[in-house]
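Worksheet: the structure to be examined is printed underneath.
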Amino acid sequence: MSEFTVLIVDDETLNRTLLTELLRGESRILLAKNAKQAFSLIQRRKPDLILLDILMPDMDGYEVIRILKEDSQTREIPVIFITSLDDPRDEEKGLALGAADYISKPFRPAIVQARVRNQLKLIHQRRLLEELARIDGLTEIPNRRHFTQVLTKEWRRCQRQQSPLSLAVVDVDHFKAYNDHYGHAEGDQVLRTIAQTLQKSLHRASDFVARYGGEEFVLLLPEMEAPAATQLAQSICQAVEALRIPHSRSPVSPWVTISIGGTTEIPPAVHQEPLRDFFDTADAYLYEAKRRGRNQVCWGKAH
Ligand SMILES: [Mg+2]
């Protein structure tokens, strides 16, 4: 399990030392003595597991976990609470806030090691399952891994037939502001609704849509020329705005909108795997669509 990074957050030096001794050799250890240091390390080092003290002077563990669970970048990181509080209601509160487990002080070495090991094993298993799965858990459309496989296959097919392949990258406009204002449960619902709208907009069997990650989706349109693909992308933009999902924090529209960047290419016979460039080109046009004010399509060729 040494491929894992564990962050220990505790204001008492003795506790940090004891826990480090117990877990050294099992994983890489990061140490923070308060919430501020913890957030900085979480952002920079992306730990796999967090051991979090409840009683700390600057911000208590409950508040820390609440913030972690509200951020899509950190909400999946399991947290084990460290508690010296004997009241079982504190355990309840921690677990209700989304803690994966708890350890009570004074530490019993075998218990600490077993609980950490259990969590690391779960993380390991979850990652294996995610690798195997081809469907995104939230939106139930194909995931990024599935997309990568289909892209490779379609690229080769279009290369053999010397036919055009169109790729669009879709991003929800001001989605962070949406989540901050409406909460991430509503944000998740928006992603599901948009996924369905994208899926309904594609009519040919070979057209493919996937969630690329976060609020980003991709559309793969084999044997479709740039004008037709651009037109389709524009109709998708309009279809999403027509859903009239209120977004009071968006400067673009009163409703949730999307931006789309895309590119069309006949895969050149000389190159074997220029897939990265192909994706980057579509992504660059997405950036251009954002720069021009969002809620629009930007389509073009590689420079
Ligand atoms: Mg403490």
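Annotations
- Exposure rank, largest accessible area first [Arg204, Arg144, Arg160; 1.4 Å]: Arg160, Arg144, Arg204
- For region 125-136, putting each phi into the Karplus relation 6.51 cos²θ - 1.76 cosθ + 1.60 with θ = phi - 60° gives couplings of 5, 4, 5, 4, 5, 4, 5, 6, 6, 10, 10, 6 Hz, in residue order, rounded to whole numbers and with x for Gly and Pro.
- The mean sequence separation of alpha-carbon pairs under 8 Å and at least six residues apart, normalised by the residue count of the chain, gives a relative contact order of 14 percent.
- Calculated FRET value between Arg115 and Ser248, using beta carbons and R₀ = 45 Å, to 0.05: 0.55
- Region 47-102: GluC sites (Glu not before Pro) in DSSP coil with no more than 13 other Cβ atoms inside 10 Å: Glu76
- Solvent-accessible ranking of Ile245, Ile258, largest area first, probe 1.4 Å: Ile245, Ile258
- Look at the alpha carbon pairs under 8 Å that are at least 6 residues apart: their mean separation over the length of region 1-159 gives a relative contact order of 17 percent.
- Spin-label pair Asp11/Arg292, simplified geometry with 7 Å Cα→Cβ offset, distance in nm: 5.4 nm
- Accessible area (Å², per residue) of the chain, counting only protein heavy atoms and a probe of 1.4 Å: 52 Å²
- Model label sites at Arg28 and Ala239, defined 7 Å from Cα along the beta-carbon direction, differ in position by 4.3 nm.
- Of the solvent-accessible surface of region 136-226, computed with a 1.4 Å probe over protein heavy atoms with every protein chain present, carbon and sulfur atoms account for 47 percent.
- Across the options Pro109, Ile8, Ala210, the greatest Cα extent toward the positive end of the charge dipole of the chain (unit charges at beta carbon of Lys, Arg, Asp, Glu) belongs to Ala210.
- 3J(HN,Hα) couplings calculated from phi for region 215-230 with the Karplus curve 6.51 cos²θ - 1.76 cosθ + 1.60 (θ = phi - 60°) are, in sequence order, 9, 10, 10, 10, 10, 10, 10, x, 6, 10, 6, 4, x, 5, 5, 4 Hz; Gly and Pro show x.
- Carbon plus sulfur fraction of accessible area for region 5-131, probe 1.4 Å, in percent: 51 percent
- Under 20 Å, Cα to Cα: Lys pairs in the chain, sequence gap 8 or more or different chains: 12
- Annotation: for a label point projected 7 angstrom from Cα along Cα→Cβ of His184, residues of region 52-69 with backbone N closer than 18 Å are 52, 61-69.
- Phi angles of region 258-269 translate, via the Karplus equation with coefficients 6.51, -1.76, 1.60 and θ = phi - 60°, into HN-Hα couplings of 10, 10, 10, x, x, 8, 10, 8, 8, x, x, 5 Hz per residue; Gly and Pro are given as x.
- In the chain, the calculated helix contribution to ellipticity at 222 nm averages -15000 deg cm²/dmol per residue, counting -39,500 (n - 2.57) for every DSSP H run with n ≥ 4.
- Among Phe279, Ser235, Gly300 the positive-end extreme of the charge dipole of region 176-303 (Cβ point charges): Ser235
The values are calculated or read from the model by the stated rules, or taken from the named source; none is laboratory data. All values reported here derive from a predicted model rather than from experimental measurement. Here Cβ is always computed from backbone atoms with ideal geometry, including for glycine, and neighbour counts include all displayed protein chains. The protein model used for the area step is the full one, side chains on, heavy atoms only, and it has no ligands, DNA or RNA in it. Shrake-Rupley method; radii C 1.70, N 1.55, O 1.52, S 1.80 Å.
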